[in-house]
1. Residue by residue through region 62-79, which ³J(HN,Hα) values in whole Hz follow from phi under the Karplus form 6.51 cos²θ - 1.76 cosθ + 1.60 (θ = phi - 60°), with glycine and proline marked x?
2. If you restrict to DSSP beta bridges whose two residues both lie in region 3-297, what percentage is antiparallel, to the nearest 5?
3. Pick the calculated Rg and Dmax of the Cα atoms in Å for this structure from (i) 18.6, 56; (ii) 18.4, 53; (iii) 22.3, 68?
4. Within 10 Å, count the other beta carbons around each residue, average over each peptide in 187-194, 135-142, and list them highest first.
5. Could you give me the ³J(HN,Hα) list for region 190-205, computed from phi with Karplus coefficients 6.51, -1.76, 1.60 and θ = phi - 60°, whole Hz, x at Gly and Pro?
6. Ignoring everything except DSSP H segments at least 4 long, calculate the 222 nm mean residue ellipticity for the chain; use -39,500 (n - 2.57) per segment, divide by total residues, nearest 500.
7. Residues with amide H under 5 Å of Trp16's amide H, sequence separation 5 or more or different chain, H placed in the peptide plane at 1.01 Å from N; which?
8. Using each residue's phi in region 249-254, evaluate 6.51 cos²θ - 1.76 cosθ + 1.60 at θ = phi - 60° and report the 3J(HN,Hα) Karplus result to the nearest Hz, with x for Gly and Pro.
Amino acid sequence: MSTSSRTKAAAAAGTWRLGDRTVNRVGFGAMRLTGTAPFDLGLPRDRERSIGLLRRAVESGVNHIDTAAFYFSATRSANELINRALAPYPEDLVIATKVWPGRDSSGAWWWAAPEQLRGQVEENLRQLGRDHLDVVNLRVPPSRRSGSIAEHFGALAELRDAGLIRHLGISNVTSAQLDEARAIAPVVCVQNPYGIGAPDEDRALLRYCGELGLAFVPFFAIAGSGREAGPGSGDSGAVAAVAAAHGVSVAQVRLAWTLQQGPHVLAIPGTGDPEHLAQNLAAGSLRLPAEETACLDAPVPEGR
């Protein structure tokens with residue numbers, strides 16, 4: 001496939017704005033670049049294969065990459081792979097990262113205090129080889145989903161004022177936390193788990209972002225409840241039936257459904273496999289008719 005035809009496929013779902021930048025709605029998530037399983041300190045993926053995958057994604061029209069300093073395995077760092085593959089960076093490429101969670105050299109997780117966020121931002125800058133970060137999402141820990149994020153978000157707003165960050169986003173948040181953040185500094189995106197079977201609260205937040213003109217960036221759109229481990233072994237009969245009708249994979253149906261939730265929805269599917277990358281890009285041109293989306297929107301019976 002030529003570069004021009006791949007680019008056309010990558011842009012098939014249209015574009016949206018991230019602050020002052022325009023991106024294609026199908027992007028790329030870097031979480032699975034570094035190992036055979038996310039956050040795996042064991043067997044890493046082949047370095048040159050990962051570098052080649054990143055270059056193919058950008059050649060195919062991807063101009064929105066989601067990453068984090070805590071995406072690393074024993075000998076691989078997603079940020080450093082991105083730097084090696086893509087620097088000097090294309091002018092239209094937007095790289096988004098996230099802070100608050102962190103991992104030490106043994107892989108153990110820790111959560112930053114507000115005054116430690118600058119160190120996490122600078123870590124991303126060093127690894128990516130950048131003077132500033134395009135988008136930084138404040139990733140809220142599960143234990144703080146009902147609490148205030150003002151102190152942490154305020155610390156990021158100060159780093160934005162200092163020129164280290166261009167735009168701010170928030171991740172794993174509620175509508176109330178979005179309002180709290182917007183009262184402190186401009187927010188360009190909300191990055192939350194979302195996919196087929198999403199609860200009403202999550203659907204309401206997606207709609208709210210659309211009303212505000214903010215990008216909604218779902219993660220686990222393919223994996224669903226499988227989260228970091230990837231898709232579960234069983235998909236609902238409805239998803240499998242729609243996939244069979246279109247001659248595509250269930251992952252492509254899940255991505256297409258997610259993109260059809262609104263023009264402000266940006267997908268960031270992650271993969272370390274070139275074939276899966278091509279399928280993810282192709283999902284941007286898959287249009288599900290209303291009767292199929294209604295079937296996929298139907299409540300899942302209890303016990304399923």
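None of the figures in this text is laboratory data; all of them are computed from the coordinates on show. The structure displayed is predicted, hence computed values, not measured ones. Here the Cβ is made from the backbone with ideal geometry for all residues, glycine too, and neighbour counts use every protein chain on show.
1. Going residue by residue, I get 5, 10, 9, 10, 9, 8, 6, 5, 7, 8, 8, 10, 4, 10, 10, 10, 4, 4 Hz, with x marking Gly and Pro.
2. Values: 9 of 35 bridges.
DSSP beta bridges in region 3-297 are roughly 25 percent antiparallel.
3. (ii)
4. Values: 187-194: 23.0, 135-142: 20.9.
Packing proxy ranking, top to bottom: 187-194, 135-142.
5. So the Karplus estimates, Gly and Pro as x, are 10, 10, 10, x, 6, x, 4, x, 4, x, 4, 4, 5, 5, 5, 5 Hz.
6. Values: 11 runs with 112 residues, N = 304.
Rounded to the nearest 500, it is -11000 deg cm²/dmol.
7. Amide H neighbours of Trp16: Val23, Arg25.
8. Values, residue by residue: 7, 5, 4, 5, 5, 4 Hz.
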